[in-house]
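Student: Sharing a structure here in structure tokens format.
The values are calculated or read from the model by the stated rules, or taken from the named source; none is laboratory data. Since this is a predicted model, take the numbers as computed values, not measurements. We place every Cβ from the backbone using ideal geometry, glycine too, and count neighbours over all the protein chains shown. The area values use the complete protein model at the heavy-atom level, side chains included, leaving out ligands, DNA and RNA. Shrake-Rupley method; radii C 1.70, N 1.55, O 1.52, S 1.80 Å.
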Amino acid sequence: MLLFGALVPHAAIIIREIGGEETNKVASTVAAMNRLAGIFKDLSPETVVVFSPHGPVLGTELPVRGDENLEGDLRQFGSRLSWVFQNDRELVDLITAEVEAEGLSATVFNRDTYPSFGLNRGLDHGVVVPLSFLAENPFRLVATGICYYYPPEKQYALGVAIGRAIKKTSRRVAVVASGDLSHCLIPGAPVAYNPRGKEFDLLLVKLLQENRTEEIVRLDPELVEEAAECGYRSVLMLLGVFDGLEVKTQVLSYEGPFGVGYAVA
């Protein structure tokens, strides 16, 4: 059963143990993540599905992590924080079947196949940073990467297939789209400053708030490219999960003090 979905950022600086005093500059994001954590605690999903642009990335197949236990940490950021989640293998199987029924493709990775793709078996920060806020109660996890070369319509269709799979499980499921927005909001940002970054962020946030899904799918590709974002594909998949349902969206926060857009919805 589908409970709810969320868009979250994945910058490690929102974790005070990592960001220190700099975390004060993203107080709105931290407050929104804590509000979201309260929703997670109240509704207690049994399984959480996370789409991460920093997980395995394939050109035209949905990458899904298939190990029995999914482990991740934040050692790359100098933190000792670590997590272990039980994979919801039943839902993984349902997702791969529904993706293929949609005429698309999925690849399930496990301990033996990661090396052949040059990939790390551990969960990426796109998964563990948001779950560091949301994992107070235990739940099973399904973690996917993204298809880099799918056009927006196919990214959305992946979400539609995943939504069908979720409807077939008896577990209570929450879906999390991990993704930062523009990376070029100010001079000195990770990508050279481009005013179209702010244009993209404000437009996407407005369209999300107003549930204008079709317009999000049809966003100008040049605008998306110039924004240097890493969350658009995750958002499209999240919206696809809710295809055919009446959706009420609340944007909890948006800010970009370091030149990267962070939205929580």
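Student: Which members of the stretch 243-265 meet the condition of being open to solvent by 40 Å² or more (accessible area, probe 1.4 Å) and among the aromatic types (Phe, Trp, Tyr)?
Tutor: Scanning the stretch 243-265 gives TYR254, PHE258.
Student: From the list ALA157, ALA161, pick out the single residue that is touching a residue at least 40 places away in the same chain (Cβ under 8 Å), touching a Gly at 6+ places or on another chain (Cβ under 7 Å) and either part of a loop (DSSP other than H, G, I, E, B) or closer than 30 Å to ASP220 by Cα (or both).
Tutor: ALA157
Student: Here's another thing I want to ask about it. Being of a type outside the set (Lys, Arg) and in contact with a Gly (Cβ under 9 Å, 6 or more places away or on another chain) is the filter; apply it to the stretch 61-76 and report the residue that is farthest from GLU136 (Cα to Cα).
Tutor: The selected residue is LEU62.
Student: Please state which one of PHE139, PHE109 is over 19 Å from LEU74 (Cα atoms), of a type outside the set (Gly, Ala, Ser), open to solvent by less than 60 Å² (accessible area, probe 1.4 Å) and at pLDDT below 95.
Tutor: Answer to the selection: PHE109.
Student: Identify, please: which residue in the stretch 13-35 is open to solvent by less than 10 Å² (accessible area, probe 1.4 Å) and hydrophobic (A, V, I, L, M, F, W, C) and is, among those, nearest to PRO257 (Cα to Cα)?
Tutor: Among residues in the stretch 13-35 that are open to solvent by less than 10 Å² (accessible area, probe 1.4 Å) and hydrophobic (A, V, I, L, M, F, W, C), the one nearest to PRO257 (Cα to Cα) is VAL26.
Student: Which is open to solvent by 10 Å² or more (accessible area, probe 1.4 Å), within 15 Å of CYS230 (Cα to Cα) and at pLDDT 95 or above, of VAL176, VAL205, VAL127, VAL160?
Tutor: Just one listed residue meets the conditions, VAL205.
Student: I'm trying to understand the selection: among the residues of the stretch 164-182, which are more than 23 Å from LEU3 (Cβ to Cβ) and either in contact with a helix residue (DSSP H, G or I) (Cβ under 7 Å, 6 or more places away or on another chain) or in a strand (DSSP E or B) (or both)?
Tutor: Matches in the stretch 164-182: LEU181, SER182.
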